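The values are calculated or read from the model by the stated rules, or taken from the named source; none is laboratory data. Worth saying up front: this structure is predicted, and the values here are computed from it rather than measured. Heads up, the Cβs are rebuilt from the backbone with ideal geometry, glycines too, and the neighbour counts pull from every protein chain shown.
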Amino acid sequence: MSTVTTPPLRFPPVPGWTPPTARERLAVIQAARKVALVGVSSNPARPSNFVATYLVSSSTHFEVYFVNPREEGILGRSVYPSLDALPVVPDIVDVFRRPEECPAIAREVIALGTRTLWLQLGIWSPEAALIATGAGLTVVMNRCLKIEHARFHGGLHLSGFDTGVINSRRRSPLS
């Protein structure tokens, strides 16, 4: 009997862009007050809805704005049809859209004056990264804002992930 395993998802490096370190991602999260979720869904089975629920909970300090032209209300909040319809300039634009849509979103984010373009887990757009980085933005790709926030603020236990281990390296018995 053989088992089939799927290799971990790997993305090629992007010349001209360096992924932010954990310390840099923490700094982005700590500095942010306003977050816009682009492509958020009212469907509770969608990852974007799960992230939205977490971000509007009392465990974060964020003002959260939803952007989706096909939705009217999510979690009892208004939904804006586009980034330029937002009443504020978000510090982070968190994207739940296909990679091929991300370069256009990066241009919108730049025009808006946002500091960080954040592409969710599984979203990798070298073109968007280079566009945004070229304009001086911080770019995070293939990372979940909910997971990163929870990781840094002790909330991973909410999803059953709290192992108490910060990294996978075992300490030497001599240390």
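Results, tabulated for the structure shown:
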read-out: Close pairs from region 83-101: first under 18 Å from Thr60 (Cα atoms), partner of a type in the set (Ser, Thr, Tyr) and buried (at least 18 other Cβ atoms within 10 Å of the Cβ), Cβ under 8 Å, at least 6 apart; value: Pro90/Tyr65; Pro90/Thr114; Asp91/Thr114; Asp91/Thr116; Ile92/Thr114; Ile92/Thr116; Val93/Thr114; Val93/Thr116
read-out: Number of positions in region 117-130 that are within 17 Å of Pro12 (Cβ to Cβ), surrounded by 15 or more Cβ atoms within 10 Å (Cβ to Cβ) and free of Cβ contacts under 8 Å to residues at least 60 places away in the same chain; value: 4
read-out: Filter pass, Ser82 being among the polar types (S, T, N, Q), within 18 Å of the chain's Cα centre (by Cα) and under 17 Å from Ser41 (Cα atoms); value: yes
read-out: Among (1) modelled with pLDDT under 95; (2) over 16 Å from Cys144 (Cα atoms); (3) touching a Gly at 6+ places or on another chain (Cβ under 9 Å) - the single one Pro13 does not satisfy; value: (3)
read-out: Conditions (1) at pLDDT below 95; (2) crowded, with 20+ Cβ neighbours inside 10 Å; (3) of a type outside the set (A, V, I, L, M): number failed by Thr5; value: (2)
read-out: Selection within region 59-105 - of a type in the set (Lys, Arg) and closer than 13 Å to Gly39 by Cβ; value: Arg70, Arg97, Arg98
read-out: Selection count where residues are out of contact with any Asp or Glu (no Cβ under 9 Å at 6 or more places or on another chain) and either hydroxyl-bearing (Ser, Thr, Tyr) or crowded, with 16+ Cβ neighbours inside 10 Å (or both), scope region 107-116; value: 2
